[in-house]
Amino acid sequence: MVPSFYSGWRHVFKLDPDRDIGDEALEAICLSGTDAILVGGSSGVTFDNTVELLSRVRRYELPCALELSDASVGVPGFDGYFVPMVLNAANPEWIIGHHAEALKTFGHLIPWESVVGEAYLVLNPDSTVARVTEATTSLNEDQAVAYSQVADRLWNVPVLYVEYSGTFGDMALLQRISSSLRQAHLFYGGGIDGPDKARQAAEAARTVVVGNVVYSDLAAALETVHAVKGSS
Ligand code: 1GP
């Protein structure tokens, strides 16, 4: 059976182990009413900084999941693990190569009962994830919907993540993708800098991911929680 630890999440904060966050800010984030903490980043994530962040989040009661883009940082003890594959990566390593390599090396250690595949559609060409995966971001609407349907209908991936990391995305497109899904749980992340954008994203996505603003404007980040959960 596919794990469903994330199925009730409407709002999550994504924290990057490679970025500093003070104890007070972390406490505010963890006590904000968000549904979970997602740990992940596109660069500079190590086993040690991931262990450190997990242990700090563990002082609080909320679930904490890891996005595992590099198997060597597979820290045990998270409530769940997302394994990303990038649908529109021009470099196939990010669609299947790294995954096959990771299973060959670490397959015997993987706690499958808490691992979920996560199909990313990367749409901001200026993001680190787009550069790292060499993503083809210049997709028109029909193409973006088609990629989403490959994940949802052909591959039956449980989570589709529309990723605009660093910039706020096209909400009309997000809505169209949302309506076209048959089974995948839709995550949206990118450019949410306060309650207004959070509310808009929550109208289309089942889970809204708030990242960067945690580090740049904590008060605005905290306001996104109610904006999303109030719109459920
Ligand atoms: C990043 O989707 C998340 O992976 C959140 O994006 O940092 O732009 O909020 P932001």
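Run the quick spin-label model on residue 7 and residue 96: label points 7 Å from Cα toward the beta carbon, then report their separation in nm to one decimal.
2.9 nm
Tell me the Kirkwood radius of segment 108-154: reciprocal of the mean inverse pair distance over distinct alpha-carbon atoms, in Å. Provide the component values of the computation, followed by the final result.
Working: mean 1/r = 0.0796 Å⁻¹.
Answer for segment 108-154: a Kirkwood hydrodynamic radius of 12.6 Å.
Pulled fully out, how much extra length does the chain show between residue 170 and residue 131, if you take 0.36 nm times their separation in residues and subtract their Cα-Cα distance?
On the way: separation 39, 0.36 × 39 = 14.04 nm, distance 1.99 nm.
Length gained, residue 170 through residue 131: 12.0 nm.
Output needed for segment 64-108: three equivalent-ellipsoid semi-axes, defined as square roots of 5 times the C-alpha gyration tensor eigenvalues, in descending order, whole Å. Please list the in-between numbers first.
Numbers: eigenvalues 78, 35, 9 Å².
Ellipsoid half-lengths, sorted descending, are 20, 13, 7 Å.
Please report, in whole Å, how far the alpha carbons of segment 11-229 spread along each principal axis, starting with the longest.
Principal-axis extents of the Cα atoms in segment 11-229, largest first: 44, 44, 29 Å.
Of 108, 43, 7, which is farthest on the positive side of the dipole of the chain, counting Cα position, with +1 on Lys and Arg Cβ, -1 on Asp and Glu Cβ, and the Cα centre as origin?
The listed residue farthest towards the positive side: 7.
As a test of the formula, what do you get for the chain when each DSSP H run with n ≥ 4 contributes -39,500 (n - 2.57) and the sum is divided by the residue count, at 222 nm and rounded to the nearest 500 deg cm²/dmol?
The per-residue figure over the chain is -9500 deg cm²/dmol.
Enter the accessible area of residue 199 (Å², nearest 10), with the probe set to 1.4 Å and all protein chains included.
Looks like 100 Å² after rounding.
Enter the accessible area of residue 104 (Å², nearest 10), with the probe set to 1.4 Å and all protein chains included.
Accessible area, nearest 10 Å²: 150 Å².
Can you give the Kirkwood hydrodynamic radius of segment 1-116 from its Cα pairs, in Å with one decimal?
Details: mean 1/r = 0.0668 Å⁻¹.
For segment 1-116, inverting the mean 1/r across all distinct Cα pairs yields 15.0 Å.
Kindly work out what percent of the DSSP beta bridges joining two residues of the chain are antiparallel, to the nearest 5. Please report the intermediate quantities before stating the final value.
Working: 1 of 33 bridges.
Within the chain, antiparallel bridges account for around 5 percent of the total.
Please calculate how many Å² of accessible area the chain carries per residue, with a 1.4 Å probe and no DNA, RNA or ligand atoms counted.
Numbers: 10550 Å² over 232 residues.
Ligands and nucleic acids excluded, the result is 45 Å² per residue.
The values are calculated or read from the model by the stated rules, or taken from the named source; none is laboratory data. Worth saying up front: this structure is predicted, and the values here are computed from it rather than measured. Methodologically, a virtual Cβ is constructed for each residue, glycine included, from the backbone with ideal geometry; neighbour enumeration extends over all protein chains shown. For accessibility, only protein heavy atoms count, side chains too; no ligands or nucleic acids. Shrake-Rupley method; radii C 1.70, N 1.55, O 1.52, S 1.80 Å.
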